[in-house]
1. Is it the case that the stretch 85-95 has a residue that's not hydrophobic (A, V, I, L, M, F, W, C) and not in a strand (DSSP E or B)?
2. List every residue pair whose Cβ atoms sit under 8 Å apart, with the two residues 6 or more apart in sequence or on different chains, where the first one lies in the stretch 60-79 and is at positive phi and the second, anywhere, is in a strand (DSSP E or B).
3. Being open to solvent by less than 80 Å² (accessible area, probe 1.4 Å), at pLDDT below 90 and part of a loop (DSSP other than H, G, I, E, B): is that true of Gly117 here?
4. Quick check: is even one residue across the stretch 97-105 assigned to a strand (DSSP E or B), closer than 16 Å to Phe161 by Cβ, open to solvent by less than 30 Å² (accessible area, probe 1.4 Å) and not basic (Lys, Arg)?
5. Which is open to solvent by 80 Å² or more (accessible area, probe 1.4 Å), modelled with pLDDT of 65 or more and under 18 Å from the mean Cα position of the chain (by Cα), of Tyr77, Tyr44?
6. Just for the stretch 126-178: of the residues that are surrounded by 15 or more Cβ atoms within 10 Å (Cβ to Cβ), among the hydroxyl-bearing types (Ser, Thr, Tyr) and not in a loop (DSSP other than H, G, I, E, B), which one is modelled with the highest pLDDT?
Amino acid sequence: VRGATPARTMYRPMAIAVAVVLVLSVLSIGLFVLRQDVVTPPSYRLHVWHTDPGQRLTAKLPDGSTVQLCGESTLWYPVPFDARTVVLHGEGLFEVVRDPAHPFSVKTAKGKVEVLGTSFTVRSYRESAETRVSVLRGLVACTAYGSNGSVHLHPGEAVRFSRQTVSDKVHMPTAEMG
């Protein structure tokens with residue numbers, strides 16, 4: 001090539017390679033977007049409740065269950081509410097409608113609480129190293145994410161757990177429950 005400098009000649013194959021990669025990338029993204037119009041995954045919305053410090057709120061869930069949220073708490077669940085699973089950061093008193101065919105569960109940062117129909121509290125603030133669960137009526141099972149088993153709680157019993165371990169359950173005086 002007449003008048004070309006050695007540096008220009010050296011970078012020309014690299015520029016062609018970059019252009020080819022760019023064109024292939026644009027085509028791939030275009031095909032991906034077109035394909036998304038044909039196969040659309042189901043869309044889910046989240047229903048979210050949040051309380052400020054000192055505020056209390058009673059949330060009614062689609063299955064008829066209720067949650068009384070304490071201050072600085074957030075509760076959310078996917079819509080539709082088919083799985084009867086909620087996520088809680090903070091503290092709430094749950095009154096769960098009994099439905100043996102569809103168990104109810106509360107997920108926290110440290111573990112999960114599963115029930116069939118009962119009244120219980122869950123306290124699991126983000127800045128706390130543990131979650132506390134106490135049962136007023138019914139039966140719940142508590143599982144720390146890092147443990148192999150669960151602890152079953154009856155009315156008047158409570159347990160604390162971190163991500164790895166569940167403490168021994170204790171009997172709670174009625175005044176301390178909730």
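1. No, the stretch 85-95 has no match at all.
2. Listed by first residue and then by second, the contacts come to Glu72/Gly90.
3. Judged against the criteria, Gly117 is a match.
4. yes
5. Only one candidate qualifies: Tyr44.
6. It comes out as Ser134.
The values are calculated or read from the model by the stated rules, or taken from the named source; none is laboratory data. What you see is a predicted model, and the numbers here were worked out from it, not measured in a lab. Don't worry about glycine lacking a Cβ; one is built from the backbone with ideal geometry, like all the others, and counts go over all protein chains shown. Surface accessibility is based on the protein's heavy atoms, side chains included, excluding ligands, DNA and RNA. Shrake-Rupley method; radii C 1.70, N 1.55, O 1.52, S 1.80 Å.
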